Amino acid sequence: MNIAQDPVYTIIPLQMPLLPIKDTIIFPLMVSPLFSSRPKDRLAIEDAMKSNHFIGVFLQRDKNIENPTLKDLYSIGTATKIIQMVKLEDGGIKILVEGLSRIRIIKLIHEDPYPIAEIEELREFYEKNSFTDALVQSINTIFKTVVAVGRPLPNDVMAMIERIDNPARLADLICVYLALDVVEQQKILETIDPLERLSRVFIYLNKEVQTLQIRDKIQSEVAKELSKTQREYLLRQQLKTIQKELGEEDPYIAEMNELKKKIEETPMPEKVKEITQKELGRLEKMNQASAEYTVSRTYIDYLITVPWGKKTEDNLDINRAAAILDEDHYDLKKVKERVLEYLAVRRLKDKEKIRGPILCFVGPPGVGKTSLGKSIARSLERKFIRISLGGMRDEAEIRGHRRTYVGALPGRIIQEIRRAEVCNPVFMLDEVDKIGQDFRGDPAAALLEVLDPEQNFSFTDHYLDVPYDLSSVMFITTANILDPVPPALKDRMEVIELPGYTEEEKEKIAFQYLIPRQIVENGLKKHAIEFTSEAIYKIIREYTREAGLRNLEREIASICRKLAKDIAQEKPVRNKITPEIIEELLGPRKFFLDVADEKDRIGVATGLAWTETGGDIIFVEATKMKGRKELILTGSLGEVMKESAQAALSYIRSHVKNLSIPENFFEKFDIHVHVPSGAIPKDGPSAGITIATAIVSLLTNMPAKKDIAMTGELTLTGRILPIGGIKEKVLAARRAGVKGIIMPRKNSKDLEDIPEYILKEMRFIFVDEIEDVLKEALKDSQN
């Protein structure tokens, strides 16, 4: 083992004055200037110059302390020799010192007039081996990289570093050139073992290389981008010069002139024109390469291309409009009447401005709400726009985004009107009952302004930020049910209900519209395909269950495709479609309709229910058993239906004498009410009289009539309140073979929507009190 010591060694005195410093570290063999303005420091330096020139330099722990004591200094510093001293005019002193070796303070000898301490020289030893040599070589290599990408050093300094093979000296020298803060340098100074010190410097060097490489990459990319921008600028300037020489107009100037011309020609309001011209002025001053230029250019485009006052002329021929509406849709008299009324008013008011109607078509799926909007547009010779609101959750879809957002655009209302290029289209807002809401806002609330005739003449989209007149637009909304629609929005719309179709109506629609359309779409026009009425009725009753026509057309299309396949395979063509062929082509029946019970039963009453797909009949069953005065309700009943059952039982218990029921019937018994099809949720108040009839039938042993169905809300006093969905319920009763229907007297007006032939087929019993219901519904009650 070889122990190497420094070849040049200076004897360090055991006592020397101390010089506190604030923001630098003096390493051994380093020559550096120092400044001080403290009287103590000046006195210490002057005495040192008079004696042996030695002074101990130590870093302050806190540089803000003006008169540090021994505890305010780090314990390890550097023994230095003062080479030169200069007194300054302001009373300060400047010295040039040379670092000699590391020293540690042992103890303070005295504090005044300046601190003198007993010190210990810290000797450095290291073992020279292959690891030391490899570490020295690695550090030299990395340091060259740092110099190459960082601040350059003089060639003589680099040559001196390459010649140093002493780890201690190499670590100190490199540390001087690294951009380390004073605390990190102090840690290096306090590391006595040369190999450990060199390892620390190696880590610092690696970090420095990474930092410099990243900085160099960033600077390179910035310089590249700047170079690209400057190159584009120079090329544009050259292009301008060439175009000027050729007598051609600068494309940028041409574009600005074209925009000015369009702004002048567009019939926009004066206030909007002023805003557009101001925005164009800003655009002319912008750099074409900036992102703001594109935003401003797009905004001006929207302001110019939105149809300001551009309209299509309405065709006011009422007879023509009526013929088109009848050609496209069967029945739907209320809607057609409303459109013709609008045309009549337009015709009478001539050129006077009238507000476009805001209609809301409410009905089950497949009754023709959306296609009716297209038909209305065709009859008026207007353009048709449709957007679906189903699942929409962001208010900005209606009102647009403000231009401060990246990728901002106008809302769907303005976008679609711009696409239509006229300001008076028929605008259909589909599925208004399926709008959602979340943290991004409530689209239904944004629609309040759009669908309010008192406000929509100055609708302000967030993107355009100028008023736009929507009063000429005919808005049509559609919904399956009105319950989810907010009351404020509902109040702004004229609601027109489109009830489901009867079987007879479906049969006529199939022959007039659906079958001809599917024959053409499936390439069967050249083949004489004929459906019988019985076949259509079989499809309606056994393969579909809906108020509308979608599934009916789907099944007809399926049959046509199968016939087309047979023709393509050169099989015998079945030109006449009968019920037998229907079953062969479509397979086993898909639906079994509930039919009226085959016999009168005790505790079972027939009710009527409304569903989104039309109407249906329900059977309410009641039974009793020994128990503890409990009312048991099953069948997936909702809260309102459960309350109806409780109200029915309460009425019966309070009128036991009138109903000839024992007073103690509930004392030792439980009553169980069940509504079959338990997996299907049911709710609503219209089953109140049905539940009461089933319970009274059970308690009086009087069977309920199988051919009588009923619907109506029951109160605790026995009154019968009106309900909704009459047409759908009547159609369901007719399908099930029911001969008579009991309903609230106040619902008699709703029979106007029922076809005359159905009114003649069935008996309608109107009631005001539950006693009237029981007299008609229970068998032994009939006189």
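The values are calculated or read from the model by the stated rules, or taken from the named source; none is laboratory data. Because the structure is predicted, anything quoted here is derived from the model rather than measured. Cβ atoms come from the backbone with ideal geometry, glycine included; neighbour counts cover every protein chain shown. Ligands, DNA and RNA are stripped out before the accessible areas are found, and what is left, the full protein with its side chains, is counted by its heavy atoms. Shrake-Rupley method; radii C 1.70, N 1.55, O 1.52, S 1.80 Å.
Please tell me if Ala709 is open to solvent by less than 50 Å² (accessible area, probe 1.4 Å), in contact (Cβ under 8 Å) with a residue 12 or more places away in the chain, within 27 Å of Glu643 (Cβ to Cβ) and part of a helix (DSSP H, G or I). Talk me through it step by step, then tell me what you get.
On the way: open to solvent by less than 50 Å² (accessible area, probe 1.4 Å): yes; in contact (Cβ under 8 Å) with a residue 12 or more places away in the chain: yes; within 27 Å of Glu643 (Cβ to Cβ): yes; part of a helix (DSSP H, G or I): no.
For Ala709, the condition - open to solvent by less than 50 Å² (accessible area, probe 1.4 Å), in contact (Cβ under 8 Å) with a residue 12 or more places away in the chain, within 27 Å of Glu643 (Cβ to Cβ) and part of a helix (DSSP H, G or I) - is not met.
Lys40: modelled with pLDDT under 90, buried (at least 18 other Cβ atoms within 10 Å of the Cβ) and basic (Lys, Arg), yes or no? The answer is yes for Lys40.
For the stretch 547-598, what are the residues that are among the acidic types (Asp, Glu) and at pLDDT 85 or above?
Glu553, Glu555, Asp566, Glu570, Glu580, Glu583, Glu584
Yes/no per residue for (1) surrounded by fewer than 16 Cβ atoms within 10 Å (Cβ to Cβ); (2) hydrophobic (A, V, I, L, M, F, W, C); (3) at pLDDT 85 or above; (4) within 18 Å of the chain's Cα centre (by Cα):
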site	(1), (2), (3), (4)
Phe384	no, yes, yes, no
Arg393	yes, no, no, yes
Arg399	no, no, yes, yes
Arg402	yes, no, yes, yes
Val422	no, yes, yes, no
Asp433	no, no, yes, no
Gln437	yes, no, no, yes
Ala446	no, yes, yes, yes
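Taken over the stretch 159-175, the residue count meeting the criterion of being open to solvent by 30 Å² or more (accessible area, probe 1.4 Å) and at pLDDT below 75 is 6.
When residues in the stretch 351-382 are screened for being among the aliphatic types (A, V, I, L, M), surrounded by fewer than 21 Cβ atoms within 10 Å (Cβ to Cβ) and closer than 26 Å to Glu555 by Cα, 0 of them pass.
Given the criterion within 25 Å of Ser371 (Cβ to Cβ) and modelled with pLDDT of 90 or more, identify the matching residue among Ile529, Ile496, Ile519, Ile540. First the steps, then the outcome.
On the way: Ile529 fails: modelled with pLDDT of 90 or more; Ile496 fails: modelled with pLDDT of 90 or more; Ile540 fails: modelled with pLDDT of 90 or more.
Exactly one residue qualifies, and that residue is Ile519.
Restricted to the stretch 477-502, and to residues there that are in a loop (DSSP other than H, G, I, E, B) and of a type in the set (Ser, Thr, Tyr), the residue that is least open to solvent (accessible area, probe 1.4 Å) is Thr502.
Only residues that are hydrophobic (A, V, I, L, M, F, W, C), surrounded by 12 or more Cβ atoms within 10 Å (Cβ to Cβ) and not in a loop (DSSP other than H, G, I, E, B) were counted in the stretch 110-151, giving 11. For the structure I just gave you, tell me whether Lys81 is among the basic types (Lys, Arg), within 14 Å of Pro13 (Cα to Cα) and open to solvent by 80 Å² or more (accessible area, probe 1.4 Å). So Lys81 fits the description; yes.
Can you find a residue in the stretch 579-595 that is assigned to a loop (DSSP other than H, G, I, E, B) and among the basic types (Lys, Arg)? If you could, list the steps in order and put the result at the bottom.
First, the residues of the stretch 579-595 that are assigned to a loop (DSSP other than H, G, I, E, B): 587-595.
Still in the list and also among the basic types (Lys, Arg): 589-590.
Among the residues of the stretch 579-595, at least one is assigned to a loop (DSSP other than H, G, I, E, B) and among the basic types (Lys, Arg), which makes the answer yes.
Scanning the stretch 432-476 for residues that are in a helix (DSSP H, G or I), under 30 Å from Glu546 (Cα atoms) and among the hydrophobic types (A, V, I, L, M, F, W, C) yields a count of 2. Ile417 falls short on exactly one of the conditions (1) in contact with a Cys (Cβ under 8 Å, 6 or more places away or on another chain); (2) in a loop (DSSP other than H, G, I, E, B), and that condition is (2).
Evaluate the stretch 722-736: report whether one residue or more is under 16 Å from Ile691 (Cβ atoms) and of a type in the set (A, V, I, L, M). Yes: one or more hits. Quickly run through the stretch 335-377 and pick out the residues that are under 37 Å from the mean Cα position of the chain (by Cα), basic (Lys, Arg) and modelled with pLDDT under 85. Result: Arg355, single match.
For Glu505, indicate whether it is in a helix (DSSP H, G or I), modelled with pLDDT of 90 or more and either open to solvent by less than 30 Å² (accessible area, probe 1.4 Å) or under 24 Å from Glu580 (Cβ atoms) (or both). Outline the logic, then answer.
Details: in a helix (DSSP H, G or I): yes; modelled with pLDDT of 90 or more: no; either open to solvent by less than 30 Å² (accessible area, probe 1.4 Å) or under 24 Å from Glu580 (Cβ atoms) (or both): yes.
Against the criterion (in a helix (DSSP H, G or I), modelled with pLDDT of 90 or more and either open to solvent by less than 30 Å² (accessible area, probe 1.4 Å) or under 24 Å from Glu580 (Cβ atoms) (or both)), Glu505 does not qualify.
The residue that is surrounded by the fewest Cβ atoms within 10 Å (Cβ to Cβ), among those in the stretch 606-658 that are within 41 Å of the chain's Cα centre (by Cα) and assigned to a helix (DSSP H, G or I), is Glu639. Answer yes or no: is there a residue in the stretch 752-766 that is in contact with a Ser or Thr (Cβ under 8 Å, 6 or more places away or on another chain), buried (at least 16 other Cβ atoms within 10 Å of the Cβ), at pLDDT below 90 and in a helix (DSSP H, G or I). Yes, the stretch 752-766 contains a residue that is in contact with a Ser or Thr (Cβ under 8 Å, 6 or more places away or on another chain), buried (at least 16 other Cβ atoms within 10 Å of the Cβ), at pLDDT below 90 and in a helix (DSSP H, G or I). Of all residues in the stretch 565-584, those that are surrounded by 17 or more Cβ atoms within 10 Å (Cβ to Cβ) and under 48 Å from the mean Cα position of the chain (by Cα) total 1.
Assess whether Val620 counts as being out of contact with any strand residue (DSSP E or B) (no Cβ under 7 Å at 6 or more places or on another chain), under 30 Å from Leu774 (Cα atoms) and hydrophobic (A, V, I, L, M, F, W, C).
Working: out of contact with any strand residue (DSSP E or B) (no Cβ under 7 Å at 6 or more places or on another chain): no; under 30 Å from Leu774 (Cα atoms): yes; hydrophobic (A, V, I, L, M, F, W, C): yes.
Here the answer is no, as Val620 does not meet what is asked.
Being in contact with a Leu (Cβ under 9 Å, 6 or more places away or on another chain), open to solvent by 10 Å² or more (accessible area, probe 1.4 Å), modelled with pLDDT of 85 or more and closer than 30 Å to Glu274 by Cβ: is that true of Leu464 here? So Leu464 fails the test.
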